[in-house]
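Before any comments, here is the structure.
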Amino acid sequence: MIFLIVGFTVLNIFFYLRLALGWSKIAGVANRERMIPFSVIIPVRNEEQTISQILKHLERQAYPKDLFEVIVVDDFSDDGTVDQIIQSKDALNINIRIVQLKDEGKQGKKHALTAGVQEAAHETILTTDADCWFGENWIESYNNAFDEGTNMVAGPVTIHGKRLFARLQQVEFSGLMGFGAVTISEENPSMCSGANLGFRKRAFEEVGGYTNNLFTPSGDDEFLLFNIMRKFPHSTRFMKAQEGIVSTSAHTKLSALINQRTRWTSKWKHNKNGKVRVSAILFFLDYLIFYIALLGAFLGWFNPLTIVGIVLLRFVSQLAFVAPINRFLKGKSAVWPLIVFQIIYPMHVLFMGMNSIFGSYTWKGRKY
């Protein structure tokens with residue numbers, strides 16, 4: 001067993017150090033003189049508390065107002081979301097269009113995004129969520145990231161909050177985002193976020209949009225990423241630009257976090273990308289063996305100093321990867337959250353892995 005523990009530890013350290021090197025190699029985006037038009041699509045359902053905020057951030061964009069439109073697609077909201085959109089449409093100096101889904105047999109985020117793409121007047125699409133915000137150069141960053149040969153751009157996302165629970169979420173998501181950034185840059189994609197995503201309308205249509213993954217309500221971002229990268233190799237990039245960062249608030253309740261993570265992890269079993277499935281299984285086994293090592297040290301099966309050394313080496317390699325990404329996202333120190341993660345995160349991964357298979361979740365008032 002000790003050889004298995006050491007073997008997975010070596011793989012773990014190599015994995016994070018390789019990711020750290022991969023992150024350092026990702027090039028930033030260069031300023032471009034030409035400006036292209038964009039259609040910004042925001043799918044919404046029961047977002048009356050946040051939709052006005054993101055529309056105001058879009059009005060504050062430094063990008064020319066005549067070069068982007070905003071399409072808000074309402075997914076059968078039963079609160080005051082539509083009223084808030086109408087008020088913003090009248091008050092703000094940007095082109096806002098409202099699209100409402102009509103067929104209740106076609107509901108959910110993927111149908112909302114599809115409707116938005118169909119209504120888009122421009123070839124280059126940007127997507128984000130109603131509970132997000134960004135700086136005034138967000139659209140300009142995408143203008144710099146897209147060139148003639150680009151079909152998709154994945155943007156950076158960060159989580160905001162003040163307490164330890166929020167800090168843990170922020171550091172965890174930094175690692176996930178960095179993992180996605182490196183794998184996209186290496187043409188071996190793993191993940192991206194629909195809260196900050198850009199793609200060509202033509203590419204979306206040629207891969208069939210979401211028609212081959214409507215069986216799961218989540219995964220609009222990742223499945224589209226896989227399909228576009230498969231059909232159009234070498235045309236997807238990660239936007240390594242701080243001006244393009246999209247922010248969202250951390251969850252304040254553990255139940256809400258578990259619900260969200262269950263939704264995220266539930267789609268992996270539908271993923272046709274073999275490398276992603278194998279990676280998910282290896283992550284699960286790595287953390288399971290890590291707990292066995294801790295238990296073995298406590299029960300006297302293994303030398304405690306050996307296990308302490310393993311824990312320290314894992315921590316240092318993870319810090320080498322996450323710390324630069326955390327600084328890029330303008331986050332606070334990742335040291336203390338990562339120390340906490342050494343104990344609780346394996347439990348989180350094991351629980352979410354099982355819950356994604358046997359559990360259920362609620363999203364936007366709908367149970368899955």
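With respect to the chain, whose longest principal axis is taken over its alpha-carbon atoms, helix 109-119 is tilted by about 40°. Each Cα pair under 8 Å and six or more residues apart adds its sequence gap; the mean of these over the residue count of region 1-157 is a relative contact order of 32 percent.
Quick one: grab the alpha carbon gyration tensor of region 75-149, order the square roots of its eigenvalues as a ≥ b ≥ c, and give me rounded if a/c is under 1.5, else prolate or oblate depending on whether a/b is larger than b/c. Oblate, since a/c reaches 1.5 and b/c is not below a/b. Per-peptide packing, taken as the mean over residues of other Cβ atoms within 10 Å, places 319-326, 198-205 in the sequence 319-326, 198-205 from highest down.
Stretched out straight at 0.36 nm per residue, the stretch from Val340 to Gln53 would grow longer than its current Cα-Cα span by 100.0 nm. At R0 = 30 Å, how high is the FRET efficiency between Ala62 and Ile86 if r is their beta carbon distance? Nearest 0.05 is fine. It comes to 0.70. Pair-distance distribution P(r) for region 28-253, from all Cα-Cα distances in 10 Å bins starting at 0: 8, 34, 39, 18, 1 percent. Taking the C-alpha atoms only, the angle from helix 81-91 to the longest principal axis of the chain is near 60 degrees.
Cross-link pairs exceeding 26 Å between alpha carbons, from the set Lys106/Lys253; Lys110/Lys201; Lys65/Lys240; Lys65/Lys330; Lys109/Lys253; Lys109/Lys162: Lys106/Lys253; Lys65/Lys330; Lys109/Lys162.
Per residue, the chain reaches -17000 deg cm²/dmol at 222 nm when only DSSP H runs of four or more residues are counted, each adding -39500 (n - 2.57). Each peptide in 1-10, 34-43 gets a packing score, the mean of other Cβ atoms within 10 Å over its residues, and the list from highest to lowest is 34-43, 1-10. Label point of Phe315 set 7 angstrom out along Cα-Cβ; within region 1-22, amide nitrogens under 18 Å from it belong to 9-10, 12-14, 16-17. In loop segments of region 74-141 as defined by DSSP, the trypsin sites (Lys or Arg not before Pro) with at most 15 further C-beta atoms inside 10 Å of their C-beta are Lys102, Lys106.
The convex hull of the Cα atoms of region 123-206, projected and averaged over all directions, covers 6.5 nm². Look at the alpha carbon pairs under 8 Å that are at least 6 residues apart: their mean separation over the length of region 28-253 gives a relative contact order of 26 percent. If you line up the long axis of helix 2-25 against the longest principal axis of the chain, both from Cα atoms, how many degrees apart are they, to the nearest 10? On a 0 to 90 degree scale, this one is about 40.
Residues whose amide H lies under 5 Å from that of Phe38, counting only those 5 or more places away or on a different chain, are Phe68, Glu69; hydrogens are built 1.01 Å from N in the peptide plane. Put simply, when 157-169, 73-85, 19-31 are sorted by average Cβ atoms within 10 angstrom per residue, most first, you get 73-85, 157-169, 19-31.
Only the coordinates and a few stated rules stand behind these numbers; no lab work does. Since the model is a prediction, treat every value here as computed from it, not as a measurement. Cβ atoms come from the backbone with ideal geometry, glycine included; neighbour counts cover every protein chain shown.
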